[in-house]
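Here is the structure we will look at.
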Amino acid sequence: MDISRWVFLILIFVSFATIPIFSDSQLSSGELPDIPVKFLDFAKKSEVFDWMVEVRRRIHENPELGYEELETSKLIREELDNMGIQYKYPFANTGIVGFIGSGDPPFVGIRADMDALPMQEMVDWEHKSRNPGKMHACGHDAHIAMLLGAAKILLQHQNILKGTVALVFQPAEEGGGGAKKMIEAGALENVEAIFGLHVHPNFPLGKVSSRPGPFLAGSGFFEAVISGRGGHAAIPQHSIDPILAASNVIVSLQHLVSREADPLDSQVVTVAKFQGGGAFNVIPDSVTIGGTFRAFSKESFLQLRQRIEEVIVGQAAVQRCNATVDFLTNSKPFFPPTVNDKNLHKHFQRVAGDMLGNDHVKDMEPLMGSEDFAFYQEVIPGYFYMLGMQGETNENPASVHSPYFKINEEALPLGAALQASLAITYLLEAQPQVPSSSINGHDEL
Ligand SMILES: *[C@@H]1O[C@H](CO)[C@@H](O)[C@H](O)[C@H]1NC(C)=O
């Protein structure tokens, strides 16, 4: 190879290497920090804000339980159609994945959950639940409106969008393991990272919080039937009393955390259900107990699971009863701990800081609650955070899962803009600095 050819190739390489990353859009890398504020301004425009509020209220009026979100799913698809956004449907009965961008890698996901809770709304207002015994008391109506809002923002800024954003609308977050079924149905195909949020009624509007590493606990449920032999309450010697046996089982279960777990490794075992007997003078045949257990690592979780079964069976046997334990994994799959990726935490702090100011981005302590977003994080890096929505005048807001729970709709633009910003800046930063073909070409010389 002669020298002139070398010089020519080196010149080509140098020219590629010096092309600014964002040369074919109006954006330079120095403008990345401006994106979150621009997006928030756009989301606050009355045509965007009013539309999100209207969508959220329509969903709130018609709450549907896990895997039954047919009308909710239809409403979302209609809004995607209105915007001209392509999507795949169905995943896990009612789930949808929309796509914005080139359709090529890299792919990043942003997620909303769609299901309501089996409880009666007690807030009297114009858009109160029209379905008796069902209520959006966990803010999923707002999460959907925010994800649609994020879609509108991204669509408006497609000229700076590199790669593809996957809009993940999932069913059955409330114990049904909708995320797990979405993954099994292929909803994460090509997606390399995912962001999710939850509205937080007791945290100030305009602030967000999260933490790197374990954030929410893994959770499981159990139910046990403790069988004895019923009879006359005044002649106990002819019966085998399952009420006394179940009482001892419950006391023994409380020793798992206090005596067997590392005090620095937070865990919970709660018996929340105790059913048996119906008369003052009859010892019943059997008693049913049930509850939940929580832990922050898979090891601790599996250890609890094993010991819960051993203690129930063993302690029941002490009083001559038999016990069967069911972990209800068909209807309530185990939720893994929600573990936030450390690099995505840095990304979140930067993007949220650019939008809200660094002093509005807080680290928080882990919570014993759980979230099925954790299933995504078992497969790909993911990040879950809390979005404050407590207004200054609202001193004592109802908690999530309360029949008095209310959404502060002022939070809608914040959630929409933050999700859109996290996704678009993730993709911009994931772009190779130099076209890889030119590097390879050079290496091969
Ligand atoms: C427990 O199970 C054994 C074996 O099936 C049975 O013989 C016994 O009667 C059962 N005891 C009670 C209290 O149900």
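Condition check ((1) away from the ligand (no atom under 16 Å from the Cβ); (2) buried (at least 18 other Cβ atoms within 10 Å of the Cβ); (3) among the charged types (D, E, K, R); (4) at pLDDT 95 or above) across all residues:
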| residue | (1), (2), (3), (4) |
| --- | --- |
| 297 | yes, no, no, no |
| 310 | yes, no, yes, yes |
| 319 | no, yes, no, yes |
| 330 | yes, no, no, no |
| 345 | yes, yes, no, yes |
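Answer with yes or no whether residue 292 is β-branched (Val, Ile, Thr) and within 16 Å of the ligand (Cβ to nearest atom). In short, no. Beta carbons closer than 9 Å, at least 6 apart along the sequence or on distinct chains, pair a first residue in the stretch 407-432 that is without any contact (Cβ under 8 Å) to a residue 60 or more places away in the chain with a second that is β-branched (Val, Ile, Thr) and assigned to a helix (DSSP H, G or I) for 432/439. Give the residues of the stretch 157-193 that are among the polar types (S, T, N, Q) and buried (at least 20 other Cβ atoms within 10 Å of the Cβ), sorted by residue number. Scanning the stretch 157-193 gives 164, 170. Note on the stretch 194-269: enclosed strands (runs of 3 or more DSSP E) holding 2 or more residues that are touching a residue at least 12 places away in the same chain (Cβ under 8 Å), within 16 Å of the ligand (Cβ to nearest atom) and buried (at least 18 other Cβ atoms within 10 Å of the Cβ) are 218-227. I'd like to check something: does the stretch 312-324 contain any residue that is in contact with a Leu (Cβ under 6 Å, 6 or more places away or on another chain) and either under 14 Å from residue 202 (Cβ atoms) or hydrophobic (A, V, I, L, M, F, W, C) (or both)? Within the stretch 312-324, none of the residues are in contact with a Leu (Cβ under 6 Å, 6 or more places away or on another chain) and either under 14 Å from residue 202 (Cβ atoms) or hydrophobic (A, V, I, L, M, F, W, C) (or both). Within the stretch 103-132, residues that are closer than 19 Å to residue 407 by Cβ have Cβ atoms under 9 Å from residues that are among the aromatic types (Phe, Trp, Tyr) and exposed (fewer than 15 other Cβ atoms within 10 Å of the Cβ) in these pairs: 121/404; 122/404; 123/404, counting only partners at least 6 apart in sequence or on another chain. Restricting attention to the stretch 348-406 and to residues that are in a helix (DSSP H, G or I) and charged (D, E, K, R), the residue that is nearest to the chain's Cα centre (by Cα) turns out to be 378.
The values are calculated or read from the model by the stated rules, or taken from the named source; none is laboratory data. Note that the structure is predicted; figures quoted are calculated from it, not measured. Backbone-built Cβ (ideal geometry, glycine too); neighbour counts: all protein chains shown.
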